[in-house]
Amino acid sequence: MQFRYVLLGGGVASVTAAMGIREHDKEGSIAIVRDEPTAPYDRPPLSKGFLRIPEMGLDDVSSKFDSFYPDNGIELITGRTALKLDRASKTLELDSGETVGYEKLLFATGERAAIPRVSGVDLPGVFPLRSIAHAEAIREALTTANSVLIVGAGYMALELAGTCLKMGKKVTIVAQDTHPWSLFASPTTGAFLIAYFVKLGITWHLGTTLTTIEPGLQATTLSGETIPADVILLATGGIPNGELAADAGLAMSGASVVTDEFLQTSDPNVWAAGDVAHLHDLALGCSWCAEHHLHAKWTGQAAGANMAGANEPYDKVAYFWSDFHEHHMILRGLPGPNAVTRVIGDPASGNYVELYGDATGALRMGIALHADEPKLDPISDRLAELIRARVQVDSVDGFEL
Ligand SMILES: Cc1cc2nc3c(=O)[nH]c(=O)nc-3n(C[C@H](O)[C@H](O)[C@H](O)COP(=O)(O)OP(=O)(O)OC[C@H]3O[C@@H](n4cnc5c(N)ncnc54)[C@H](O)[C@@H]3O)c2cc1C
């Protein structure tokens with residue numbers, strides 16, 4: 001098999017890359033190669049409505065209608081894992097024994113769930129969540145479960161907590177973090193989240209780790225608690241699927257594939273996008289790896305356009321959102337430890353903006369929380385402008401909350 005463009009992965013970054021290519025090249029052959037057996041789908045609903053609405057299926061989360069692929073001359077090769085990238089011969093070797101040749105390759109293999117090294121994580125009733133197959137298995141297990149233990153305190157953990165609460169489950173969270181979202185948000189926001197979920201009946205065990213899970217799902221923590229649960233959900237982060245790229249000698253940053261601002265890797269015939277890409281971000285003036293849906297969508301589109309000759313740098317301010325129980329959050333900019341924080345609005349009300357600046361006080365990230373989701377759109381737009389302008393955190397005036 002030989003194609004002008006091969007998009008390896010088949011997540012949202014690959015789908016939008018195909019769209020980006022077609023904006024500039026209507027004829028060149030395109031193949032999407034993906035290991036999952038389904039057509040591409042969007043993952044964000046999997047931790048939200050999908051788990052509690054039994055009628056939801058693949059069609060409800062599909063990235064595109066099935067006709068999108070034939071209508072745009074895209075060959076979908078599903079259920080095939082690429083085992084090797086050979087840059088000299090410009091081929092991918094698949095687990096089926098087939099070889100797929102490319103002129104231009106997009107490396108968009110995303111992430112897989114990180115599984116903590118704890119005895120018992122492979123017991124029945126313990127689940128990671130990355131794919132629709134995971135979500136279907138969790139949904140099935142939740143039909144008879146009364147109690148759920150969630151491991152982790154990042155955005156996925158809180159989304160899962162909110163979903164399980166809506167299903168009437170008793171929810172406990174264990175996490176080594178001292179407050180939720182600790183990788184990007186301040187203790188002020190952490191305190192709001194703890195209080196929000198305490199009111200809904202959640203039990204928190206923070207600042208400790210899971211040490212073992214015994215059969216019958218008895219979880220033990222380092223601080224000595226034993227927590228029985230019917231289902232245990234692992235929300236313990238992700239690992240970029242970068243091995244093939246590293247083995248092929250592409251420049252890497254850890255497990256992520258390094259790109260320039262055009263999403264081009266160290267090989268001029270290979271681009272990378274989405275969760276696996278470590279890109280040079282013009283808007284933020286740094287190189288980093290974002291693991292968000294819109295980032296994957298936008299970088300995929302830009303990489304595809306550039307593969308087809310657009311030659312345009314990627315220049316969007318990173319955008320992440322999360323929905324937990326009846327509340328909503330948006331984040332713009334660079335998540336991570338920031339030196340300066342300033343709250344606008346009342347955190348106790350749950351409707352507020354928090355600004356994060358670097359050591360010079362320049363705005364690097366803003367998050368906004370609100371019970372009324374549409375209120376967040378104009379705030380998000382304004383945050384993006386302010387971050388791009390590198391304003392001082394102190395100089396920002398009020399937001400419409
Ligand atoms: C449950 C869940 C909820 C989320 N909610 C949100 C949210 O609310 N907001 C938000 O901004 N983001 C959210 N995200 C993150 C978002 O879904 C990801 O950022 C996005 O899916 C990344 O897209 P991608 O195309 O880079 O990679 P992926 O979607 O991971 O797709 C990559 C694909 O490549 C396949 N693959 C890997 N290696 C190979 C190989 N060797 N051969 C063939 N195929 C291969 C993988 O199996 C996978 O199907 C969520 C993620 C999950 C899992």
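The table for this structure:
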| item | result |
| --- | --- |
| Restricting segment 69-80 to residues that are in contact (Cβ under 8 Å) with a residue 24 or more places away in the chain and not aliphatic (A, V, I, L, M), the residue that is farthest from the ligand (Cβ to nearest atom) | Gly73 |
| Filter result (among the acidic types (Asp, Glu) and in a strand (DSSP E or B)) within segment 335-366 | Asp346, Glu354 |
| Of all residues making up segment 323-334, the number that are among the acidic types (Asp, Glu) and either assigned to a helix (DSSP H, G or I) or away from the ligand (no atom under 11 Å from the Cβ) (or both) | 1 |
| Condition broken by Phe65, with the remaining ones in (1) in contact (Cβ under 8 Å) with a residue 12 or more places away in the chain; (2) under 16 Å from Val12 (Cβ atoms); (3) among the hydrophobic types (A, V, I, L, M, F, W, C); (4) not in a strand (DSSP E or B) satisfied | (1) |
| Scope segment 335-378; condition within 15 Å of the ligand (Cβ to nearest atom) and under 17 Å from the mean Cα position of the chain (by Cα); matching residues | Pro335, Ile367 |
| Selection from segment 39-62 of residues that are part of a loop (DSSP other than H, G, I, E, B) and more than 9 Å from the ligand (Cβ to nearest atom) | Ala39, Ile53, Pro54, Glu55, Met56, Gly57 |
| Answer from Ser147, Ser186, Ser182 - the residue that is at pLDDT 95 or above, more than 16 Å from the ligand (Cβ to nearest atom), over 23 Å from the mean Cα position of the chain (by Cα) and surrounded by fewer than 24 Cβ atoms within 10 Å (Cβ to Cβ) | Ser147 |
| Any hit, segment 286-297, residues being under 15 Å from the mean Cα position of the chain (by Cα), closer than 27 Å to Tyr196 by Cα and more than 9 Å from the ligand (Cβ to nearest atom) | no |
| Any chance Pro335 is out of contact with any strand residue (DSSP E or B) (no Cβ under 7 Å at 6 or more places or on another chain) and either farther than 19 Å from Thr188 by Cα or at pLDDT below 95 (or both) | no |
| Top-ranked residue in segment 240-254 [being surrounded by fewer than 17 Cβ atoms within 10 Å (Cβ to Cβ) and among the aliphatic types (A, V, I, L, M); ranked as nearest to the ligand (Cβ to nearest atom)] | Ala246 |
| Hits in segment 5-34 - residues which are within 14 Å of the ligand (Cβ to nearest atom), outside any strand (DSSP E or B) and either in contact with a Gly (Cβ under 7 Å, 6 or more places away or on another chain) or among the aliphatic types (A, V, I, L, M) (or both) | Gly9, Gly11, Val12, Ala13, Ser14, Val15, Thr16, Ala17, Ala18, Met19, Gly20, Arg34 |
| Residue that is farthest from the chain's Cα centre (by Cα), among those in segment 1-60 that are within 20 Å of Ala272 (Cα to Cα) and of a type in the set (Phe, Trp, Tyr) | Phe3 |
| Candidate set: segment 264-275, residues that are assigned to a loop (DSSP other than H, G, I, E, B) and in contact (Cβ under 8 Å) with a residue 24 or more places away in the chain; chosen: the one farthest from Thr16 (Cα to Cα) | Asp267 |
| Residue count for segment 271-285, restricted to those that are more than 12 Å from the ligand (Cβ to nearest atom) and among the charged types (D, E, K, R) | 1 |
| Every residue from segment 196-209 that is within 16 Å of Thr178 (Cβ to Cβ) and either in contact (Cβ under 8 Å) with a residue 60 or more places away in the chain or not aliphatic (A, V, I, L, M) (or both) | Phe197, Trp204, His205, Gly207, Thr208, Thr209 |
| Filtered residues of segment 96-111 (kept if in contact (Cβ under 8 Å) with a residue 60 or more places away in the chain and either outside any strand (DSSP E or B) or closer than 23 Å to Leu279 by Cβ (or both)) | Glu98, Tyr102, Glu103, Lys104, Leu105, Leu106, Phe107, Ala108, Thr109, Gly110, Glu111 |
| Given (1) part of a loop (DSSP other than H, G, I, E, B); (2) surrounded by fewer than 17 Cβ atoms within 10 Å (Cβ to Cβ); (3) near the ligand (Cβ under 10 Å from one of its atoms), index of the condition Leu83 fails | (1) |
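Per-residue answers, yes or no, for (1) among the hydrophobic types (A, V, I, L, M, F, W, C); (2) assigned to a loop (DSSP other than H, G, I, E, B):
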residue	(1), (2)
Gly249	no, yes
Phe262	yes, yes
Leu279	yes, no
Glu291	no, yes
Ala303	yes, no
Asn306	no, no
Asn311	no, yes
Trp321	yes, no
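The values are calculated or read from the model by the stated rules, or taken from the named source; none is laboratory data. Everything numeric here is computed off the predicted structure, so don't read it as measured data. Heads up, the Cβs are rebuilt from the backbone with ideal geometry, glycines too, and the neighbour counts pull from every protein chain shown.
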